[in-house]
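As structure tokens, the structure follows; a few thoughts come after it.
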Amino acid sequence: MSIITGVKRDYRIGGYVKRAKLNLRNEREIRVFHQNVFKRRFGDFEDGELVDVYIDITGCKETVKRPEMLRLMRDCADGKVNLIFAETKGYLAANTREFCYWLHFIFNLSDRVDIITDDDQFNINTVINEDKQREALIKMAEDYIYLNPPDHQKWLKGVVSAIADLGEDGK
């Protein structure tokens with residue numbers, strides 16, 4: 001499978017899932033299920049490899065309270081992941097504020113990170129970027145931040161601190 005036909009890219013893919021605790025029956029089974037879904041999807045991927053699957057099982061909406069999202073962000077910042085895949089953009093952030101701040105963080109890393117979601121409608125694909133989604137998402141995030149820069153700085157400080165507090169295993 002190739003994202004862009006005719007163009008060989010070396011993607012290091014991080015699959016992300018956020019599951020609510022309230023519908024959780026067996027955490028271990030949920031984790032194994034999602035890991036297998038990503039392995040099947042990217043097992044024969046010719047443009048790169050699946051680096052890891054990041055699964056938050058939590059009722060927390062805030063990025064700073066989702067350890068696997070923080071670990072994914074750290075791995076993107078460290079250059080270990082350069083393509084984030086999620087079934088839905090709703091997994092990436094719970095509300096507009098978190099989404100815009102998160103996008104700004106991801107798109108302003110020193111190494112380019114792309115995003116793909118599999119939403120039925122209005123999916124994100126900054127790799128193919130036919131509709132200039134990457135640029136539109138960057139502008140949306142910047143416009144949102146412009147409305148309240150101190151809030152963004154507070155969020156960023158909290159996220160950077162939480163990432164720094166992560167252990168090697170992400171906990």
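The values are calculated or read from the model by the stated rules, or taken from the named source; none is laboratory data. Since the model is a prediction, treat every value here as computed from it, not as a measurement. Keep in mind that these areas ignore ligands, DNA and RNA; they rest on the heavy atoms of the full protein, side chains included. Shrake-Rupley method; radii C 1.70, N 1.55, O 1.52, S 1.80 Å.
Worth a mention:
- Within the accessible area of the chain, the carbon and sulfur atoms contribute 50%, probe 1.4 Å, all protein chains present.
- Rounded, prolate or oblate (a/c below 1.5 giving rounded, otherwise prolate when a/b exceeds b/c) for the stretch 53-151 by Cα gyration tensor: rounded
- Whether the stretch 93-171 is rounded, prolate or oblate, judged on the alpha carbon gyration tensor where a/c under 1.5 counts as rounded: oblate
- Average accessible area per residue (Å²) across the chain - probe 1.4 Å, nucleic acids and ligands excluded: 56
- The value of relative contact order for the chain, using C-alpha pairs under 8 Å at least six residues apart, is 23 percent.
- Read-out log10 I(q)/I(0) by the Debye sum over Cα atoms at q = 0.12, 0.14, 0.19 Å⁻¹, derived from the coordinates shown; its label in (i) -0.54, -0.74, -1.41; (ii) -0.83, -0.93, -1.17; (iii) -0.62, -0.78, -1.22: (i)
- Pairs beyond 30 Å (Cα-Cα), from Lys39/Lys61; Lys61/Lys132; Lys39/Lys157; Lys39/Lys139: Lys39/Lys157; Lys39/Lys139
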